[in-house]
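The structure appears below as structure tokens.
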Amino acid sequence: EDLKSMADDIVANVERAAGGIKHVRDFARQSDVVKSKVNINDPIQDVFKVLGHQLKVHEIKVELDLDENVPKIMAEHNRLEQVFINLVTNAIDAMDEKSEQPENGSTEKRLTIKSFAENGRVSVDVSDTGIGMSEEIKNKILEPFFTTKKIGKGTGLGVSISYGIIKDYEGTIEIESEVGKGTTFKLSFPALAP
């Protein structure tokens, strides 16, 4: 059963990588952005099909607080899934990094994702209990090719590509972070009228 689960994860990750490569090509060509009505909870839940096994292996507690009545937004499911996969992957790395440094206090690994509607917008908060970011890093995190990861671990494209996708759907991203405490990425998109 574990082998089947791992094989499914591999297939999903290969598809995600192909999607990422296509997006980088599209990004270079600035192709037309495809939009349809999307319930933002769907791409969030699909992240756990791809990363569920990884979260278990890294002993991360997941708390989902998804508003089931959240309005739809205009976006594209796979590209939003790519955004959330990137944010969750970075959260895993940040929590692992903190757990390797016991001097940073509590090593509880908790990922919280909350979706909700307010003021005519659909918002998602992705929070971790990881290493956190300094103000300097926070100010650079959206730049292409900026990474805090060890050589060979990250390209520095994940967050900047995610930022590009969010902007394509008229969304915004805000980052709240405290060194040693964790980080919250706050995404917000215009809600469609019911």
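What is the local net charge at Pro190, summed over the other residues whose Cβ is closer than 14 Å to its Cβ (Lys, Arg +1; Asp, Glu -1)? Result for the local shell: +2. Which percent of the accessible area of the range 51-119 is formed by carbon and sulfur heavy atoms (probe 1.4 angstrom)? Using a 1.4 Å probe with all protein chains present, the range 51-119 comes out at 43 percent carbon and sulfur.
Each label was represented as a point 7 Å from its Cα along the Cα-to-Cβ direction; for Asp8 and Thr184 these points are 3.2 nm apart.
Using heavy atoms of the protein chains and a probe of 1.4 Å, the accessible area assigned to Leu51 is about 0 Å².
Largest first, the residues Met95, Met74, Met133 sort by 1.4 Å accessible area into Met74, Met133, Met95.
The values are calculated or read from the model by the stated rules, or taken from the named source; none is laboratory data. If you're wondering where the values come from, they're calculated on a predicted model, not measured in any experiment. Please note: Cβ atoms are built from the backbone with ideal geometry, for glycine as well, and neighbour counts cover all protein chains shown. We work out accessible area using only protein heavy atoms, side chains counted, and drop any ligands, DNA or RNA first. Shrake-Rupley method; radii C 1.70, N 1.55, O 1.52, S 1.80 Å.
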